[in-house]
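Working notes, beginning with the structure itself.
Bear in mind these aren't lab numbers, they're just calculated from the coordinates by the rules spelled out. Just so it is clear, the model here is predicted, and its values are computed rather than measured. Ideal geometry is used to build each Cβ from the backbone, glycine not excepted, and the neighbour counts take in all protein chains shown.
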Amino acid sequence: MIRIIRTDSSDTDFIELVKELDKYLAVKDGDEHEFYDQFNKLDSIKHVVILYKEKEPVACGAIKEYNEDAVEIKRMFVKPEERNKGYASKVLRILELWAKELGYEKCILETGARQIEAIGLYKRNNYKEIHKYPPYEKMENSHCFEKVLAN
């Protein structure tokens, strides 16, 4: 049974999933991990989604205001053993719905060139690659995307 909840960054299940995500990214990002890590702190994230399989948290994501029109998708993660089951797309759809409910017009995000699976996920979910936005504009490894939320 799949269950999805809305919460915030103080949720202990979210914190544990993010620890796994950070370990994964430390390897994937290599020398650039420290730069990216500074923009991924949990203290000001008020909108978090966690996907549970049975009672086990297996996927998460969050949105954080970027400006008055856009939220940034943050901290997307699916446990490796649970990948390729559509969980990331489910989390993404809930985050988009939540952003729309909050009155935002679009979602933006940054991911690294080495996160090939993430790039595929966003393209499959109709995100379009855009020019790099601050603070990523000088990062060669960064890929930025946006999706305008339908009315």
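General observations
- Checked against the criterion of being surrounded by 13 or more Cβ atoms within 10 Å (Cβ to Cβ), in contact with a Cys (Cβ under 6 Å, 6 or more places away or on another chain) and charged (D, E, K, R), the candidates E110, E72 yield just one match: E110.
- For segment 110-121, a residue qualifies if it is in contact with a Lys or Arg (Cβ under 8 Å, 6 or more places away or on another chain) and closer than 12 Å to A88 by Cβ, and the qualifying residues are Q115, E117.
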